[in-house]
Amino acid sequence: MKINAFADVSLRALMVLAAAPGGALLTTQNIADSVGTPYNHVSKAMTKLRGLGLIEVVRGRTGGSRLSHAGRTATVGQVLRRLDTRTEAADCVAPGGNCPLITECRLRAALARAREAFYRELDSVVIADLPGSRQMAPVFDMIGLRPGL
């Protein structure tokens, strides 16, 4: 199953924050640079993640973002459920879709069960456990964040 681009950017931002050494504050620009995504997209994701209580934001010249307690314990499944704005798994069953079979379609329920099974499988994956130090070292080096901070 494919996740939407907004959820993808949001998950990558959470992973970067999870790997930040010692809970260091990262700016939205740092995160955008580290995930290779335009600042505006990451900024929108950060606003949503803050609204969901997954990150804490410290304002000011030395401010930035870090994972909240909820963010450190959040699973991929939990986050995707909250970020996936699609109401249907396929366009053919979307309200106003072109399929003439939509009123009696049994595929709709099967696709809903499949989506939930996808999320349920990801409920055991804690986002903060995903990034490894070897994986993140080049990323943090690129944005000028040293592990000793």
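Summary of computed values
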{"item": "Residues located in region 37-62, provided they are open to solvent by less than 60 Å² (accessible area, probe 1.4 Å), assigned to a helix (DSSP H, G or I) and out of contact with any Leu (no Cβ under 9 Å at 6 or more places or on another chain)", "result": "Val42, Ser43, Met46"}
{"item": "Some residue of region 12-27 being assigned to a helix (DSSP H, G or I) and either farther than 23 Å from Gln135 by Cα or of a type in the set (Lys, Arg) (or both)", "result": "yes"}
{"item": "Any hit, region 63-72, residues being open to solvent by 60 Å² or more (accessible area, probe 1.4 Å), assigned to a helix (DSSP H, G or I) and either over 29 Å from Leu111 (Cα atoms) or of a type in the set (Ser, Thr, Tyr) (or both)", "result": "yes"}
{"item": "Qualifying residue in region 11-23 (condition: touching a strand residue (DSSP E or B) at 6+ places or on another chain (Cβ under 6 Å), surrounded by 16 or more Cβ atoms within 10 Å (Cβ to Cβ) and without any contact (Cβ under 8 Å) to a residue 40 or more places away in the chain)", "result": "no"}
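Table: residues versus (1) closer than 29 Å to Met46 by Cα; (2) modelled with pLDDT under 75; (3) of a type in the set (A, V, I, L, M, F, W, C).
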residue	(1), (2), (3)
Ser65	yes, no, no
Thr73	yes, no, no
Val79	yes, no, yes
Arg82	yes, no, no
Arg86	yes, yes, no
Ala89	yes, yes, yes
Ala94	yes, yes, yes
Gly97	no, yes, no
Pro100	no, yes, no
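The values are calculated or read from the model by the stated rules, or taken from the named source; none is laboratory data. Since this is a predicted model, take the numbers as computed values, not measurements. Cβ sites come from the backbone with ideal geometry, for glycine too, and all protein chains shown count toward neighbours. When the accessible area is computed, the model is the full protein with side chains, heavy atoms only, and any ligands, DNA or RNA have been set aside. Shrake-Rupley method; radii C 1.70, N 1.55, O 1.52, S 1.80 Å.
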